[in-house]
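Undergrad: Below you will find the structure I want to go over with you.
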Amino acid sequence: MTDTTAGQGADRRRLLAEAAISTLARAGMRGLTHRAVDETAGLPPGSCSYYFRTRQALLQGAVERLAKTDLAEMAERPPLDHPATLADIAERAAALIAHMTTAGRERVLARYELVLEATRRPELKDVLEAAADRHRALIEGILAAAGAPVPAERAPALVACLDGLLHEQVVGTADLTPTELRRTVRTLLESFTAPR
């Protein structure tokens, strides 16, 4: 196999994994079929099953693509200054949530589908947990920048609160304005950075 062929194969796998994410977001777990992914990707029938032979392989490819995309986005964001003000942190966190409810909405919806599926498939859970660990580390760094005591202990609960806020924004039960979102995030940060 030539380097060009290998590169084309990697590009095709990436395209199909991204199409699987789109399909999950649009049609849910039941709608995720090899044929549906081929159609979403605009590729001939059989393309998806060639690169992802089984449904499990396709799910794994989607989870890994989500994790890579998240990592790339995190790497593009400039680091916080130390010490950072709560207003600055709230602004950045609110902007990230706003991004995930608009440009990143498809990925969020696909992730919800995959998280539920991972409760029945431990092999998916491992990849999702590795990505979640990176998010917790990011939040831990934010708490440290804000001067929170024991940020490692407080990060998991703050992640859960921010995930809940993101969920409510994405599914439409909460429709906070940018100002309300910043204020809500700041209130959360104040409670998590205050001494106990």
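Undergrad: Go over the candidates Ala160, Ala148 one by one and state the one that is over 16 Å from the mean Cα position of the chain (by Cα) and among the hydrophobic types (A, V, I, L, M, F, W, C).
TA: Ala148
Undergrad: Got a number for residues in region 99-113 being part of a helix (DSSP H, G or I) and within 18 Å of Ala72 (Cβ to Cβ)?
TA: Of the residues in region 99-113, the ones part of a helix (DSSP H, G or I) are 99-101, 105-113.
Checking the rest, the ones that are also within 18 Å of Ala72 (Cβ to Cβ) come to 99-100, 105-108, 110-111.
Count: 8.
Undergrad: Scan region 150-183 residue by residue and report those that are surrounded by 13 or more Cβ atoms within 10 Å (Cβ to Cβ) and part of a loop (DSSP other than H, G, I, E, B).
TA: Answer for region 150-183, where residues must be surrounded by 13 or more Cβ atoms within 10 Å (Cβ to Cβ) and part of a loop (DSSP other than H, G, I, E, B): Ala174, Leu176.
Undergrad: What residue, among those in region 96-107 that are small (Gly, Ala, Ser) and open to solvent by less than 50 Å² (accessible area, probe 1.4 Å), is nearest to Ile21 (Cα to Cα)? I'd like the intermediate steps shown before the answer.
TA: Kept after step one, since they are small (Gly, Ala, Ser), are these residues of region 96-107: 98, 103-104.
Filter once more, keeping what is open to solvent by less than 50 Å² (accessible area, probe 1.4 Å): 98, 104.
On the way: Ala98: 20, Gly104: 11 Å.
This residue is Gly104.
Undergrad: If we scan region 124-141, do we find a residue that is open to solvent by less than 60 Å² (accessible area, probe 1.4 Å) and either in a loop (DSSP other than H, G, I, E, B) or in contact with a Lys or Arg (Cβ under 7 Å, 6 or more places away or on another chain) (or both)?
TA: no
Undergrad: What pairs come out if I take residues in region 40-66 that are acidic (Asp, Glu) and pair them with residues that are open to solvent by 20 Å² or more (accessible area, probe 1.4 Å) whose C-beta lies under 8 Å away, six or more apart or interchain?
TA: Glu64/Val127
Undergrad: When both residues are 6+ apart or on different chains and their Cβ atoms are under 9 Å apart, which pairs have a first residue that lies in region 168-189 and is more than 17 Å from His99 (Cβ to Cβ), and a second that is in a loop (DSSP other than H, G, I, E, B)?
TA: Every condition considered, the pairs that remain are Arg183/Leu176; Leu189/Ala146; Leu189/Ala148.
Undergrad: Filter region 108-123 down to residues that are among the β-branched types (Val, Ile, Thr) and within 13 Å of the chain's Cα centre (by Cα) and give me whichever is least open to solvent (accessible area, probe 1.4 Å).
TA: The first filter runs over region 108-123 and keeps only residues among the β-branched types (Val, Ile, Thr), leaving 108, 115, 119.
The next check asks that each one be within 13 Å of the chain's Cα centre (by Cα); those that pass are 108, 115.
Working: Val108: 2, Val115: 71 Å².
Filtering region 108-123 for residues that are among the β-branched types (Val, Ile, Thr) and within 13 Å of the chain's Cα centre (by Cα), the one least open to solvent (accessible area, probe 1.4 Å) comes out as Val108.
Undergrad: Let me ask something additional. Does Tyr50 count as of a type in the set (Ser, Thr, Tyr), open to solvent by 30 Å² or more (accessible area, probe 1.4 Å) and under 15 Å from the mean Cα position of the chain (by Cα)? Explain how you work it out, then say what you get.
TA: Details: of a type in the set (Ser, Thr, Tyr): yes; open to solvent by 30 Å² or more (accessible area, probe 1.4 Å): yes; under 15 Å from the mean Cα position of the chain (by Cα): no.
Criteria not met by Tyr50.
Undergrad: Let me ask something additional. Restricting attention to region 5-24, which residues are open to solvent by 10 Å² or more (accessible area, probe 1.4 Å) and touching a Gly at 6+ places or on another chain (Cβ under 8 Å)?
TA: Result: Arg13, single match.
The values are calculated or read from the model by the stated rules, or taken from the named source; none is laboratory data. Since the model is a prediction, treat every value here as computed from it, not as a measurement. Reconstructed Cβ throughout: ideal geometry from the backbone, glycine too, with neighbour counts over all protein chains shown. Just so you know, the surface numbers come from the protein's heavy atoms only, side chains and all, with ligands and any DNA or RNA stripped out. Shrake-Rupley method; radii C 1.70, N 1.55, O 1.52, S 1.80 Å.
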